[in-house]
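Below you'll find the structure, written out as structure tokens, and then a few comments.
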Amino acid sequence: MSDGFRVALTFDAEHPDRPWCPPGNAERVLDTLRDHAVRATMFVQGRWAEAYPETARRIADEGHLVGHHSHYHARMPLLLESGFPQDIVDGAAAIEAATGRDPRPWFRCPFGAGSDDPRVRAQLEALGYRHVHWHVELEDWEPWRTGDAIAADAIAGAGAHGDGVVVLLHTWPGGTGDAVATMIAGLRDAGARFVTVEELETLP
Ligand SMILES: [Zn+2]
């Protein structure tokens with residue numbers, strides 16, 4: 001199509017899942033997005049926003065869409081009774097304090113856990129949120145995944161899905177920091193146009 005196929009790059013901005021990650025990686029990802037004029041969607045963990053308020057603030061200031069990725073990064077189906085809304089409310093307060101943005105209605109469950117659980121979906125909805133899943137994941141959390149491999153798989157996966165594809169990434173893996181510029185260039189060569197999840201009529 002003339003105006004290209006739409007790609008939503010989505011990043012979970014959170015404390016690393018691994019014992020070591022390159023310092024400054026989230027800032028490097030944000031630098032690359034800014035340098036290439038790409039708006040992304042960032043699902044921000046509340047406790048990460050508390051720890052890195054200046055980086056979290058950049059997400060909003062540089063035009064990315066701010067979503068919610070829980071406060072403690074627990075598996076949402078394990079949170080019972082008042083624990084569930086408390087995590088959401090605490091996370092939203094931390095995200096809003098750091099970014100100045102209310103993350104509603106965008107929410108991504110940690111690990112995607114609970115995305116198909118009716119109880120989780122109903123509780124999210126009652127609090128004004130909807131879960132945003134993804135079409136393409138790149139295992140960018142694995143330490144052995146190189147930037148070149150992540151970029152190549154993102155370009156192939158997004159192309160295979162086509163218009164409206166949602167790609168899952170994380171702000172902390174070094175491989176992702178290495179991949180973003182190549183990924184953007186390759187996707188643009190393939191005809192991609194970058195959007196936030198807000199601009200897509202149907203979401204996974
Ligand atoms: Zn996460």
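The values are calculated or read from the model by the stated rules, or taken from the named source; none is laboratory data. Remember, it's a predicted structure, so these values are computed and weren't measured experimentally. Note that we place each Cβ from the backbone using ideal geometry, even for glycine, and neighbour counts take in every protein chain shown. The area values use the complete protein model at the heavy-atom level, side chains included, leaving out ligands, DNA and RNA. Shrake-Rupley method; radii C 1.70, N 1.55, O 1.52, S 1.80 Å.
Observations
- Here VAL165 passes the criteria (1) over 17 Å from ALA40 (Cα atoms); (2) open to solvent by less than 10 Å² (accessible area, probe 1.4 Å) except the one numbered (1).
- Any pair with Cβ under 9 angstrom, 6 or more apart, that starts in region 11-29 at a residue that is closer than 19 Å to VAL136 by Cβ and ends at one that is more than 14 Å from the ligand (Cβ to nearest atom) and open to solvent by 20 Å² or more (accessible area, probe 1.4 Å): ALA13/TYR52
- Of all residues making up region 63-110, the number that are within 19 Å of THR196 (Cα to Cα) and either within 15 Å of the ligand (Cβ to nearest atom) or among the hydrophobic types (A, V, I, L, M, F, W, C) (or both): 11
- Residue in region 21-33 that is hydroxyl-bearing (Ser, Thr, Tyr) and open to solvent by 10 Å² or more (accessible area, probe 1.4 Å) present: yes
- Residues within region 63-92 that are open to solvent by 60 Å² or more (accessible area, probe 1.4 Å) and either among the hydrophobic types (A, V, I, L, M, F, W, C) or in a loop (DSSP other than H, G, I, E, B) (or both), tallied: 7
- Residues (over 15 Å from THR55 (Cα atoms), open to solvent by 40 Å² or more (accessible area, probe 1.4 Å) and within 12 Å of the ligand (Cβ to nearest atom)) located in region 3-17: ASP17
- Residues of region 34-60 classified as assigned to a helix (DSSP H, G or I) and under 24 Å from CYS109 (Cα atoms), total: 14
- Restricting the first member to region 95-122 and to residues that are of a type in the set (Lys, Arg), and the second to residues that are away from the ligand (no atom under 16 Å from the Cβ), the beta-carbon pairs closer than 6 Å and six or more apart or on different chains are ARG101/ALA60; ARG104/GLY128.
- Scan region 122-148 for residues that are part of a loop (DSSP other than H, G, I, E, B) and more than 17 Å from VAL180 (Cα to Cα) and the total you get is 7.
- Region 146-156 - residue that is open to solvent by 40 Å² or more (accessible area, probe 1.4 Å) and among the β-branched types (Val, Ile, Thr) and, of those, nearest to MET42 (Cα to Cα): ILE155
Residues checked against (1) loosely packed, with under 13 Cβ neighbours inside 10 Å; (2) touching a residue at least 24 places away in the same chain (Cβ under 8 Å); (3) closer than 19 Å to VAL166 by Cα:
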| residue | (1), (2), (3) |
| --- | --- |
| LEU124 | no, yes, no |
| TYR129 | no, yes, yes |
| VAL132 | no, yes, yes |
| HIS135 | no, yes, yes |
| ASP140 | no, yes, yes |
| TRP144 | yes, no, no |
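- Hey, ALA60 away from the ligand (no atom under 16 Å from the Cβ) and open to solvent by less than 10 Å² (accessible area, probe 1.4 Å) or not: yes
- Criterion: under 15 Å from the mean Cα position of the chain (by Cα) and closer than 29 Å to PHE194 by Cβ - qualifying residue of ARG130, ARG121: ARG130
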